[in-house]
1. Got a number for residues in the range 26-54 being at pLDDT 95 or above, of a type outside the set (A, V, I, L, M) and assigned to a loop (DSSP other than H, G, I, E, B)?
2. With the requirement that a residue be assigned to a loop (DSSP other than H, G, I, E, B) and of a type in the set (D, E, K, R), what does the range 75-101 give you?
3. Return the residue satisfying two criteria in turn: it lies in the range 69-118 and is among the basic types (Lys, Arg) and touching an Asp or Glu at 6+ places or on another chain (Cβ under 8 Å), and of such residues it is nearest to GLU37 (Cα to Cα).
4. Just checking, does the range 76-97 include any residue being out of contact with any helix residue (DSSP H, G or I) (no Cβ under 8 Å at 6 or more places or on another chain) and at pLDDT below 90?
5. With at pLDDT 85 or above, in contact with a strand residue (DSSP E or B) (Cβ under 6 Å, 6 or more places away or on another chain) and part of a loop (DSSP other than H, G, I, E, B) as the only criterion, which of ALA14, ALA120 stands out?
Amino acid sequence: MEDKYVRVMCDFCADGVWSKEGAICSDELPITADLAEKLRDWNWLYDLWYDDEDRSSWVADGFGPDEFTATGLELAKEIKRQLPDWEVVFHDEMAWDRAAALEYKTGEKQDLDGERFEFAIE
C-alpha cells in the first residue's frame, strides 16, 4: 500500500477500512491479525444492526449507536498505535445516520457532507 492512509468507516459487506481509492480488506493493512479480525467483527455488527428493523433487543442488551461508535473509535486509535506514521481517520457513521434520518423525518435539509463526520486520530 503506497499511501500511508486509512479511514475507519463501516459499510455494508465491507471490512470497515478504506484507502483513498475505496474499500480495502483489513488484512491488507500492516496491523496484527487480531486487530484485523476485530475490524471485520465491528463492521459485521453494523450489517446485523441495520438488517434488524426492531433494534430494541440490541439496546436492551447494552448495544446501540453510541457503543458502536465508541468501539470503532477505539479500533481507529489502535490502528494509529500500530501504524504511528500513518494518517488514520475515523468516520462516525452513526452521527451521519442520525443526521440523514432527521432530514428524512422532518424534510429539513441537513449537512450530510461526509467530511463533517470525520476526524483525524492523533
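1. The number of residues fulfilling the criteria is 2.
2. Within the range 75-101, ASP85, ASP92 meet the criteria.
3. Applying the filter and picking the extreme gives LYS80.
4. no
5. Every option except ALA14 fails the conditions.
The values are calculated or read from the model by the stated rules, or taken from the named source; none is laboratory data. Given the structure is predicted, the values throughout are model-derived calculations rather than measurements. Cβ atoms come from the backbone with ideal geometry, glycine included; neighbour counts cover every protein chain shown.
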